Amino acid sequence: MTAPVGREAIERLADAALERAGRSAAGVEVVVQHAAGGLTRFANSQIHQNVATADLSVGVRVVTGDGRVGVAGAHTDDPATVADTVDRALEIARVSPPDPEFPGLAPPAGHAEVPVDDATLGMSPGGRAAVVRGLLDEVPPDFEAAGAFSTDLSELGVFTTAGQRAYSAVTSVQLSAVVTGPSSSGYAEQGGRALTEIDPAAAGRVASAKARAGASPVELGPGSWPVVLEPAATGTLVQFLAYLGFGGRDHLEGRAFTAGRLGERVVDEQVTIADDALARETVGLPFDWEGTPKQRVVLVGEGVAVAVVHDRHTARRSGGASTGHGLPAPNPYGPLPVNPIMAPGDGGSVADLVAGLERGLLVTRLHYTNVVHPLETSITGMTRDGTFLVEDGRVVRAVCNLRFTQSILAALASVDAVSTETAYASELFFGGSRFPAVRLPAFEFTSSTTYG
Amino acid sequence: MHEIAELALDEAVAAGASYADVRGVVAEHESLSVQDQRVEGVARQTSRGVGIRVLVGGSWGFAATARLARQEVLATARLAVQVAEASATAQRQPVRLAPVEAARGTWATPHERDPFDVPLPEKLEMLLAATAAARQVTGLTFAKASADAWRTTTTLVSSEGADLHQTVLQVAGGVECIAVGEREVQIRSFPNSFRGYCGSGGWEDVAALDLAGQAPRHAEEAVALLSAPDLPAGRDTVVIDGNQLALQVHESVGHALELDRILGWEAAYAGTSFVGLDDLGRLRYGSPLVNLTLDTTTPKALGTYGFDDEGVPAGRTPLVVGGVLQSLLTSRETAPRVGADATSNGTMRADSWASIPLIRMTNIHLEPGEGSLEQLLDDTGRGFFLTTNRSWSIDDKRVNFQFGCEAAYEIRGGRLGKLYRNPTYAGRTTEFWGACDAISGPQAWRVYGTPNCGKGQPSQVARVAHGAAPARFRNVTVGVR
């Protein structure tokens, strides 16, 4: 069971901090976060790690009349420690030089409400174990399963002396599984805001079927291949593209490919990507860490680079308004689109995309992807948990994992099809959302391995 | 915190735990960031809480809370037991812990000047001087500088009688010089990428870096890289600088030798390992020159401590000797899989009170060879010298890797010559280490901190370190783009 701290208790903590800091500072922002939940992890088809945590933190940002800023934070609900934290922020501000670019604190603004799932809050350690057992029951005896099931609550309150008083709670669930056989592995993932997104038996069946289909893979050499990227692999491209191109700060400083290119066609017209924390395809809060309501921002509209996201600082520099993408203060990295989603197309299912592939590769998932060249949006990583050769629209055999080194913009410059179906997927460095699958005419694989 | 930890321990045992350990942790972090002459961030974070780990019926449970009122702590201890009881419903093999002497005592990182006591203006002045020096270079677009300090105080008590108190003090500092050109961004970092120098110790180690003195040379290189050619694709001899080899060790040795990965416990997330238990004493990991050591006692290294989060004392374990695999990174739970009498080599760490301890690589060093870098270059004649990590990627079995560096130089006539940008190199782990035919000596050997090692679910970030000297590798794939 996970109990919310609730708006009132969070406001009490925040108001005490606001009142104390307000005696000395010209402006104060207090951020209170409560994160609680459980994660049950399994490997070799048994639960091997199982945790339940509850954390409460208070962050205080103060600004003096001459623009000196100080930030301090503490994980506590102890009033005396909160008072100490306020005093520390004031002391930091006192000895810091003025920041002429400080954009001020968030003013009052309403925000959307997001639903909280009572079933997620009610999940006990025993309930999580039952979900895991439900998945393991679907795994054949000659295979092993590993993965995790988590149920979480996050409450965030942002309060400023400029008048903003924002509070929201969000629940999230995530189930992932890798099923491993003698020569192959398969993967499945589910997630979202509510427990109804979780079907452990289906996850077990999907991952097991993928692992069985991947048995006895053959090694392919490097080369350019037409591909169908399943939703998890598509998600990696989308999330890296959003990260590399659509943060307001990198854009303003010329360190993003979008610098000087907004309004230009950058990828195929079948590609539309938006950052939308409130969409059902993702899990996000309705306001950012500065208290600004989150806006849906179309990053790429029908292939054209449309807009980047802003926090209060980059909005001030660019002469616009914050889009609600500020990160926790102090933030030297600038705003980022943390809930990117890609619009589905009319290509049907993954199987339909495969049926349209004359000869190419079906890629389940990408692994440990990292940036090679940020302005070229070039990334490298590996395929894993199911890579298959397709001929005449049918999967004909499994192939060993391959390394790709590929510009995302180049990969998406020409898109054969985007699936109608979407699936939830997360990436090592990013959160989870639902993504479609895509069929691309060319994807560059630069080396190989000897295993699937 | 000791009283709270004892309270939780007693409650966990009373609720049915056959084994319990409790960590009370107070963690402080100060981070300073400047860009050019603007102070972008000054922050102090304090985190305190208690993490309770229990065994019930041979299964693990863990619960943690930041709310330290008596009733909250007691409830959290009981919750840990309930979590373990739930774990037991999907158990195949009960947990057995290797023995460890129940240690009592204290340990603290040696240092001269506590970074938290250094006046903030003094620290900011050092960073602003570094960025000012860098911006003197024509053509540089930005200069960033940063400094960090971490103090982690842990009280560990266990139902076996451990009672330990440890304070680890860590510092970081560095400067990044950034040049933006037409469709190019080039970065040169000093003394390393990703927060610069990172080590355990006091502020004296950051102050000694002379960031302002070193910044102009790196700024000039960043600007020069904008007009340098890309490193050409092909196969060639490379000499890899110690700061890049440190991450090579991290990805292709450190993670690969974590016994929990080898046993499949990380399979669903970061992956497993190409190494098997049968490889001990047999697998040729690299050439006979390659010696790799786990050493949690290395002075000033970022992964140094007195005891791990299971109360196992720090120590030194040869992992690869003469190129042959000899040992792995173990814990009390995993060590018995190596042998009935095997004990943990003390690598279990959690990144906060809210996390369970996992096997982490702490300090893993490539032992030095002979001679200076200049002698190595002279002996090499022709090839490429690659320095300072920019990107990294490796497969889920830790075999197929590809790294990007900030800069490369042609080696011609035994000297560094023409500058190349966007260098990458790629390979397979044992082939690569097998192609090592020279390692510079102790005079070129340094310890490099890696402050951002990720592992586990929920994800944990560990601060670890690797000692390395520049080394030469033959017939390596370079210039993959």
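Values for this structure:
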{"item": "Selection status of A:E302, assigned by TED's automatic domain parsing to the domain that holds A:G356, without any contact (Cβ under 8 Å) to a residue 24 or more places away in the chain and either within 30 Å of A:G104 (Cβ to Cβ) or open to solvent by 20 Å² or more (accessible area, probe 1.4 Å) (or both)", "result": "no"}
{"item": "In segment A:368-387, the residues that are open to solvent by 20 Å² or more (accessible area, probe 1.4 Å) and either under 27 Å from A:A215 (Cβ atoms) or of a type in the set (D, E, K, R) (or both)", "result": "A:Y368, A:E376"}
{"item": "Matching residues in segment A:52-79 - criterion: being among the charged types (D, E, K, R), outside any loop (DSSP other than H, G, I, E, B) and within 15 Å of A:E91 (Cα to Cα)", "result": "A:R61"}
{"item": "Single residue of segment A:90-130 satisfying the filter (assigned to a helix (DSSP H, G or I), at the interface with another protein chain (Cβ under 10 Å from one of its Cβ atoms) and in contact (Cβ under 8 Å) with a residue 60 or more places away in the chain) that is farthest from the chain's Cα centre (by Cα)", "result": "A:A93"}
{"item": "Filter result (modelled with pLDDT under 95 and either crowded, with 23+ Cβ neighbours inside 10 Å or away from chain B (no Cβ under 14 Å) (or both)) within segment A:132-183", "result": "A:D142"}
{"item": "Residues (within 16 Å of B:V22 (Cα to Cα) and more than 8 Å from chain A (Cβ to nearest Cβ)) located in segment B:72-96", "result": "B:E72, B:V73, B:L74, B:A75, B:A77, B:R78, B:V81"}
{"item": "Subset of segment A:382-423 [among the small types (G, A, S), over 30 Å from A:A305 (Cβ atoms) and within 14 Å of another protein chain (Cβ to nearest Cβ)]", "result": "A:G386"}
{"item": "Verdict on B:L97 being assigned to a loop (DSSP other than H, G, I, E, B) and surrounded by 13 or more Cβ atoms within 10 Å (Cβ to Cβ)", "result": "yes"}
{"item": "Segment B:144-171: number of residues that are surrounded by fewer than 24 Cβ atoms within 10 Å (Cβ to Cβ) and within 30 Å of B:A408 (Cα to Cα)", "result": "3"}
{"item": "Some residue of segment B:404-415 being within 27 Å of B:L225 (Cα to Cα), in contact (Cβ under 8 Å) with a residue 24 or more places away in the chain and among the hydroxyl-bearing types (S, T, Y)", "result": "yes"}
{"item": "Of the criteria (1) surrounded by 24 or more Cβ atoms within 10 Å (Cβ to Cβ); (2) in contact (Cβ under 8 Å) with a residue 12 or more places away in the chain; (3) not aliphatic (A, V, I, L, M), which one B:T298 fails", "result": "(1)"}
{"item": "Enumeration of residues in segment A:35-69 that are closer than 30 Å to A:R23 by Cα, more than 7 Å from every other protein chain (Cβ to nearest Cβ) and either in contact with a Leu (Cβ under 9 Å, 6 or more places away or on another chain) or not charged (D, E, K, R) (or both)", "result": "A:A35, A:S57, A:V58, A:G59, A:V60, A:R61, A:V62, A:V63, A:T64, A:G65, A:G67, A:V69"}
{"item": "Single residue of B:R390, B:R382 found to be under 19 Å from the mean Cα position of the chain (by Cα) and either surrounded by fewer than 24 Cβ atoms within 10 Å (Cβ to Cβ) or at pLDDT 95 or above (or both)", "result": "B:R390"}
{"item": "Residue under evaluation B:P94, criteria (1) of a type outside the set (D, E, K, R); (2) within 30 Å of A:G38 (Cα to Cα); (3) under 30 Å from the mean Cα position of the chain (by Cα), criterion not met", "result": "(3)"}
{"item": "Residues of segment B:393-438 that turn out to be within 14 Å of B:F473 (Cβ to Cβ), open to solvent by 10 Å² or more (accessible area, probe 1.4 Å) and either acidic (D, E) or in a strand (DSSP E or B) (or both), as a count", "result": "6"}
{"item": "Identity of the residue in segment A:200-230, closer than 22 Å to A:C400 by Cβ and assigned to a helix (DSSP H, G or I), that ends up most open to solvent (accessible area, probe 1.4 Å)", "result": "A:R212"}
{"item": "Restricting segment B:439-457 to residues that are open to solvent by 10 Å² or more (accessible area, probe 1.4 Å) and out of contact with any Lys or Arg (no Cβ under 9 Å at 6 or more places or on another chain), the residue that is nearest to the other protein chains (Cβ to nearest Cβ)", "result": "B:G454"}
{"item": "Residues of segment B:74-114 satisfying the condition of being closer than 15 Å to B:L55 by Cα and of a type in the set (G, A, S)", "result": "B:A77, B:A80, B:A84, B:A86, B:S87, B:A88, B:A90, B:A98"}
{"item": "Condition met for A:L18 (in contact (Cβ under 8 Å) with a residue 40 or more places away in the chain and either within 28 Å of the chain's Cα centre (by Cα) or within 12 Å of chain B (Cβ to nearest Cβ) (or both))", "result": "no"}
{"item": "Verdict on B:L319 being touching a strand residue (DSSP E or B) at 6+ places or on another chain (Cβ under 6 Å) and assigned to a loop (DSSP other than H, G, I, E, B)", "result": "no"}
{"item": "Check on A:A277, among the small types (G, A, S) and crowded, with 24+ Cβ neighbours inside 10 Å", "result": "yes"}
{"item": "Single residue of segment B:458-481 satisfying the filter (open to solvent by 40 Å² or more (accessible area, probe 1.4 Å) and more than 14 Å from chain A (Cβ to nearest Cβ)) that is farthest from B:G286 (Cα to Cα)", "result": "B:R463"}
{"item": "Qualifying residue in segment A:232-252 (condition: open to solvent by 10 Å² or more (accessible area, probe 1.4 Å), over 20 Å from A:T323 (Cβ atoms) and either within 21 Å of the chain's Cα centre (by Cα) or not polar (S, T, N, Q) (or both))", "result": "yes"}
{"item": "Qualifying residue in segment A:310-333 (condition: under 23 Å from A:S414 (Cβ atoms) and not assigned by TED's automatic domain parsing to the domain that holds A:F159)", "result": "no"}
{"item": "Subset of segment B:44-57 that is at the interface with chain A (Cβ under 7 Å from one of its Cβ atoms) and surrounded by fewer than 24 Cβ atoms within 10 Å (Cβ to Cβ) - its residue that is nearest to B:D148 (Cα to Cα)", "result": "B:R44"}
{"item": "Close pairs from segment B:373-393: first within 14 Å of chain A (Cβ to nearest Cβ), partner open to solvent by less than 20 Å² (accessible area, probe 1.4 Å) and hydroxyl-bearing (S, T, Y), Cβ under 6 Å, at least 6 apart", "result": "B:N389/B:S193; B:S393/A:T380"}
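Every residue, every condition in (1) open to solvent by 20 Å² or more (accessible area, probe 1.4 Å); (2) at the interface with chain A (Cβ under 9 Å from one of its Cβ atoms), yes or no:
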position: B:A17; (1), (2): no, no
position: B:V25; (1), (2): no, no
position: B:V34; (1), (2): no, yes
position: B:Q37; (1), (2): yes, yes
position: B:S59; (1), (2): no, yes
position: B:A63; (1), (2): no, yes
position: B:A69; (1), (2): yes, yes
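The values are calculated or read from the model by the stated rules, or taken from the named source; none is laboratory data. Bear in mind the structure is a predicted one, so any value in this text is a computation, not a measurement. All Cβ positions, even for glycine, are placed from backbone atoms using ideal geometry, and neighbour counts span all protein chains on display. Keep in mind that these areas ignore ligands, DNA and RNA; they rest on the heavy atoms of the full protein, side chains included. Shrake-Rupley method; radii C 1.70, N 1.55, O 1.52, S 1.80 Å.
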